């Protein structure tokens, strides 16, 4: 009843588009279960399109990708204070290091295993989150050089993250990043991968590309900008959120709809019940906000309060053309006539990122390895290979 159809061709197209724009290495971020798209399927599609490596926030996410058969380089950079890096070193995970304590823990794990840990040093250039602060660079880099000479680690890269606070701040962060690169080279370390740009800078600021970029939302075909659409950036949204009609009810004028009767039908109409709700990541605050879905190629409004498991659509004008089981698209690619996820984000006063990662676990992620035809826009999804068991997420 609840499906997030994930277009693998769309992910491949987006990664190829990013490679075309940058000409350098592309690191695709698949944290938070591939931004809600399914980490394994997203990682595989990105690598097939030429991504240099994939990245997660947490070590657990990185190890899950290894267990799922992703053998390419994987970077992760957000670690708890009690983390044991042994499993990561054994699995060949590249570790983002933000401070000296992490570096020592990683080196100790590598020494115990008789392995060389691969490191990317993360520096804070102005976002004020994780990453080594400028006053930490000299001792951290010097220690990294010592450990590299001893064979405990290999420093493969250096990276930072922009605050996206405007051109002047971006350039100031880039200048600090250049200082970090110079300081690293001064101790004898020449990083193979140098990356500062995430999706926004990758798409619009070529002077910040260095020799690698690190993209998240753009790989899934969504715009990181409020004033630019996916299509304008040459991207294709990969997720189509679908459900179906499970009940139809003809009602007279004056009928109240759902809890609290915050919607009352002005005329006789037909109401369609769709089995998706706020437990599935459909924000309850969309109630009465003007959100709509696509049914039989038509835009129809969501009416009444959204429940935990279901919502209601007024389908009066098309009632004669639909029946039980009719597909319902909650959001997808607007170039195919579907509501863009940005409608929900705008009504919620949030960003598209939050909506897609909030799609709940009851929604089955089904990777689709074929481009939809115009005639099949509202047809049920066809999964890659055998269908997953109920509740499985790709």
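The values are calculated or read from the model by the stated rules, or taken from the named source; none is laboratory data. Keep in mind that what you see is a predicted model, and the values were worked out from it rather than measured. Using ideal geometry, Cβ is built from the backbone for each residue, glycine included, and neighbour counts are taken over all protein chains shown.
Below is a table of values for the structure above.
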quantity: Close pairs (8 angstrom Cβ cut-off, 6 or more residues apart or separate chains): in contact (Cβ under 8 Å) with a residue 60 or more places away in the chain in segment 249-265, surrounded by fewer than 13 Cβ atoms within 10 Å (Cβ to Cβ) anywhere; calculated: 250/268
quantity: Answer from 331, 311 - the residue that is touching a strand residue (DSSP E or B) at 6+ places or on another chain (Cβ under 6 Å), crowded, with 22+ Cβ neighbours inside 10 Å and over 12 Å from residue 242 (Cβ atoms); calculated: 311
quantity: Of residues in segment 273-291 being at pLDDT 95 or above and not in a loop (DSSP other than H, G, I, E, B), the one nearest to residue 249 (Cα to Cα); calculated: 273
quantity: Among residues of segment 216-230, those that are in contact with a strand residue (DSSP E or B) (Cβ under 6 Å, 6 or more places away or on another chain) and within 15 Å of residue 161 (Cα to Cα), counted; calculated: 1
quantity: Residue satisfying condition, being surrounded by 13 or more Cβ atoms within 10 Å (Cβ to Cβ) and closer than 22 Å to residue 345 by Cα, within set 214, 242; calculated: 242
quantity: Near pairs, Cβ below 6 angstrom, 6+ apart or cross-chain, from segment 169-191 (at positive phi and in the same structural domain as residue 155 (by TED's automatic domain parsing)) to any residue that is in a helix (DSSP H, G or I) and surrounded by 13 or more Cβ atoms within 10 Å (Cβ to Cβ); calculated: 188/145
quantity: Scope segment 276-318; condition touching a residue at least 40 places away in the same chain (Cβ under 8 Å), under 14 Å from residue 328 (Cβ atoms) and more than 26 Å from the chain's Cα centre (by Cα); matching residues; calculated: 295, 296, 297, 299, 303, 312, 313, 314, 315
quantity: Selection within segment 156-174 - surrounded by fewer than 21 Cβ atoms within 10 Å (Cβ to Cβ) and touching a strand residue (DSSP E or B) at 6+ places or on another chain (Cβ under 6 Å); calculated: 156
